[in-house]
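Okay, structure first, notes after.
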Amino acid sequence: MSDLGMADTLYHYMNGLNKDRYKSPSYQIKEGDVVNVNVTSPGATLALGMLYFRTNNIIMPFNRGQDEDDDNVIDYETMSQAYCNIVAGGCMVMGLKFAGTANKAAFDTLMECMKVSQQIMGCPGYVEQAGKSTVENCMMTVLLSLAMVMSGTGNLEVLRMCRMFRARVGPPYNLYVMYGSQMAISLSLGLLFLGGGRYSLCTTEESIPIMLSAFFPKFPIHSNDNRYHLQAFRHLYVLAAEPRLIVPRDVDTGLPCYVPVEIRFRDTEDYRNVSFKTAAPCILPQLDLIIEMAAPCILPQLDLIIEMAAPCILPQLDLIIEMAAPCILPQLDLIIEMAAPCILPQLDLIIEMAAPCILPQLDLIIEMAAPCILPQLDLIIEGYRSMLAKSLTSDHSSHCSVKPEVIKAFTSDSRILALTEYFMNLKGMQSLDKSDYHGNMFGITQLKTVLAYYSSQYKIETDGIKPEQLLKMEFLMSMKAKLENLLDGWQKENMTLLIKYLQGESLKGQEVSYLSSYLTWFDVPTPEEISKIIVEGAPTLPVLCSSLPHLSVSTVMRILTAWTAAS
């Protein structure tokens, strides 16, 4: 009976009525005679939603007694902030619903929201309307949602995104990238490799409120900030984690091997007779949703196996030889040594197909160069032979550094090798480290062109279908951030050189290449255009922005810094 008045209590904390009505010994918020709704309203709103969780009840909005005259006042900043938070809230709900499922539709939707957020953050006109702090919090919420959906999978795209966000250190990022952003990035990385790839999140009725408490999208400003959310609750996600890795082993050798499996789900109100096929080792779906998991059956007729290309294992090789009388086996000893799961009557057919066979001794096959051609060799290399898979099947962990030349081992295609060789030997584009960078104008121009094309709404489409991007936006934004940090550092050390340029003096020497890169990237106007600006007294940012409307605010701020230093 004590819970009957819970909705009324939550309404009190959402709207900030007189706080004398509800007294608590742990109540530490003192804002006069009312409740500080900035602290209590987000949690109370979520608690009200969880109060009616899975009840199919409709919660009607509260009427705050708005005046009719308020409808005529349009606050675009509030509208922009509301839009960003609504989208971020929808992404959080999607992350909770599909946590640990690696659902492709949910992943693609969240990735699209993340790309839109990055485009807004990269456009000063858009981001200033809602505020960088608001967009930053929404981006971290979307990142956490992505990590929840792909928990335990080690998804490479999400990992790249975390690396890009992690690199935002120092000015100008320290104005809006606070401790909470770094905490959300670390939390996302932990979810991505949950339990070393052995665990994933579940979506049971007990797990949803636990994850909501752990991933509450109200991030702290500093390490001791517990005003909006107790940071100790961030560790509650372990209660929603469960082991879901399945590693099949060969019964003879005891070594891990690949086995095709079919997983069938229990019938629910939303779907019936649903199953999917995959290859183990793999992360299983939520365990209480699975009704059956089986490997393909063993077919006794060899001609049927050849026709169906069934990936089954035939353990009795002598029985296969007796049943396959017409086949010609030129190297029977080699076949027995390799434990080939199927015997095809024509060796040329083996060279062309070779996909359905399951090879339990992968290390031996790759080193011996068996006559069959495996069309998905990258799957084998990324499977048991990868460092991640070996760490899942052994009792020790290790780390290594891979040289760029290892890329050549992944393919024998001459076109891919030529492209790899070109990019690996391209001078000036290998690194953006200060020691190696010499102001390559070609690379800067190309990077600006690619960013402008990918950010444009006039991209080439075929029948309304967006083409797949050759370069990921996360990688491009990371390159942009590194380049701008490098050029900002050069500006601090060579401010006099920039002032001489703006004053129209002639320049010579090695630093001219850096200056050219700086002017090209930031679109700094010519000295003649600068000289036409008439300013009475000290220049200000609004005056320069009105005089140079075609430039971005960041470029005008750099010109203002040089102008102020010269005076």
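Elements of the type helices (runs of 4 or more DSSP H) sitting completely within region 123-200 and holding at least 1 residues that are over 24 Å from Leu96 (Cα atoms) and in contact with a Cys (Cβ under 8 Å, 6 or more places away or on another chain): these cover 124-130. Across region 167-204, what is the number of residues that are modelled with pLDDT of 90 or more and either open to solvent by 50 Å² or more (accessible area, probe 1.4 Å) or among the acidic types (Asp, Glu) (or both)? Of the residues in that region, 7 qualify. Is it the case that region 113-127 has a residue that's under 26 Å from Pro243 (Cβ atoms), among the aromatic types (Phe, Trp, Tyr) and either modelled with pLDDT of 95 or more or surrounded by 13 or more Cβ atoms within 10 Å (Cβ to Cβ) (or both)? For region 113-127, residues under 26 Å from Pro243 (Cβ atoms), among the aromatic types (Phe, Trp, Tyr) and either modelled with pLDDT of 95 or more or surrounded by 13 or more Cβ atoms within 10 Å (Cβ to Cβ) (or both): absent. Within region 190-201, one or more residues are closer than 16 Å to Phe233 by Cβ and either of a type in the set (Gly, Ala, Ser) or without any contact (Cβ under 8 Å) to a residue 24 or more places away in the chain (or both). Are any residues in region 205-217 more than 17 Å from Gly43 (Cα to Cα) and open to solvent by less than 70 Å² (accessible area, probe 1.4 Å), and if so, which ones? Answer for region 205-217, where residues must be more than 17 Å from Gly43 (Cα to Cα) and open to solvent by less than 70 Å² (accessible area, probe 1.4 Å): just Ser207. Checked against the criterion of being touching a residue at least 24 places away in the same chain (Cβ under 8 Å) and not small (Gly, Ala, Ser), the candidates Val169, Val127, Val177 yield just one match: Val177. Checked against the criteria, Asn155 counts as over 30 Å from Glu77 (Cα atoms) and surrounded by 15 or more Cβ atoms within 10 Å (Cβ to Cβ).
Where helices (runs of 4 or more DSSP H) fall entirely within region 479-562, those with at least 1 residues that are of a type in the set (A, V, I, L, M) and surrounded by fewer than 16 Cβ atoms within 10 Å (Cβ to Cβ) are at 495-502, 511-522, 541-547.
The values are calculated or read from the model by the stated rules, or taken from the named source; none is laboratory data. If you're wondering where the values come from, they're calculated on a predicted model, not measured in any experiment. Note: ideal-geometry Cβ built from the backbone for every residue, glycine included; neighbour counts use all protein chains shown. Side chains are part of the model used for accessible areas, which takes the heavy atoms of the whole protein and leaves out ligands, DNA and RNA. Shrake-Rupley method; radii C 1.70, N 1.55, O 1.52, S 1.80 Å.
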